[in-house]
Amino acid sequence: MTKICLTIAGVDPSGGAGIIADIKTFSAFGCYAAAAIASLTFQNTQGVFGVENQTAETVRRQIEPILADFEVDALKTGMLPTREIIEEVARIVKENNLKNFVVDPVVRSTSGFDLIDDEALKVLIERLFLLSDIITPNIPEAGRIARMKIETFADIETAARKMQALGAKNVLIKGGHLPILDLEKKAKDQKPKTEDRKAKDFLFIGDELHVFEADFIETTATHGTGCTLAAAIAANLALGKSLTEAVEIAKKFVTEAIRSAPHIGKGNSPINQLIARV
């Protein structure tokens, strides 16, 4: 039976991130993609130049016909830019008892454009963390949510525990921003060689820690990696994988998507979500 995955996020017209990346990722895993637009962004590989947010009512009116017609097997949220949209999404999740809910707490673009203000982030934490099966912040996002600077593995664990205390059952902190963490056991003044570096992601399930690592690929082709990872996790949860299996498969998928990136555009190239599923 075909599995249906729903994404509620922003649209990146250049196709590298947001809803378009989610759709390509769901499709790569053989899932049927449905989508509701929370924001229209004006961006390309070089940056985000503005946004046009939808109203909460518009988001609801997109989602309700989908839920009335389909049995949704997994839900992934990305850019939810306003308090009103976040509150509406929370109500919809509860009203429909939506399962396999992956929250990617998108707060800032790679180019430094703030996509959500502090008030909206506070509501996202209060309303969506409790409903989620997993949240997937990167290092800067985890630092903003936990209100701390993250520089070491100990900081990562502290941030994860803080997010769990805020209601998140399971937390995946993407460590791609700190590949040097792998080398803490080596001399601190020794500059790591690229081939020695590992990109590690840290999954906290209750008191358990699972570490997933892959080769660190020296590249600027990173546009859409966070969206793709969260969408791949959602797709694999829809397919019946356990949380640890879903994360492991998703990380391998993103690594190969980076490795086979098309290297287009004048900034950070999108990755290749159309690779054969791994």
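We did not get these values from a lab; they are worked out from the coordinates using the rules stated. Here the structure is a predicted model, which is why all the values come from computation and not from measurement. Here Cβ is always computed from backbone atoms with ideal geometry, including for glycine, and neighbour counts include all displayed protein chains.
A few remarks follow.
- For the chain, built as a Gaussian network whose Cα springs stay under 10 Å, the top-fluctuating residue of Phe202, Phe113, Phe129: Phe113
- Label-point separation in nm, Lys162 to Phe70, each point 7 Å along Cα→Cβ: 3.6 nm
- Sparse-neighbourhood loop sites, GluC sites (Glu not before Pro) in segment 200-264 - DSSP loop, at most 14 other Cβ within 10 angstrom: Glu218
- Residue with peak Gaussian network fluctuation, the chain [Cα springs, cutoff 10 Å], from Ile63, Ile233, Ile19: Ile63
- Evaluated with a Cβ-only charge set (Lys, Arg +1; Asp, Glu -1), the chain carries a dipole of roughly 460 debye about its Cα centre, given to the nearest 20.
- Length added when fully stretched, Ser242-Glu95, from 0.36 nm per residue minus Cα-Cα: 50.5 nm
- Divided by 2.2 N^0.38 Å, where N counts the residues, the Cα radius of gyration of segment 192-278 comes to 1.13.
- Only helices enter the 222 nm calculation for the chain: every DSSP H run of n ≥ 4 contributes -39,500 (n - 2.57), and dividing by all residues gives -11500 deg cm²/dmol, rounded to 500.
- Shape of segment 1-104, Cα gyration tensor, a/c cut at 1.5: oblate
- Between Thr7 and Ala34, Ala35, Ala36, Lys76, the built amide H atoms are under 5 Å apart, and every one of these is 5 or more places off in sequence or on another chain.
- Listed cross-link partners Lys99/Lys174; Lys198/Lys252; Lys24/Lys251; Lys94/Lys252; Lys174/Lys251 are compared with a 21 Å cut-off, the Cα-Cα value being larger for Lys99/Lys174; Lys94/Lys252.
- Residues Arg147 and Thr55, FRET efficiency given R0 of 35 Å [Cβ-Cβ distance, rounded to 0.05]: 0.75
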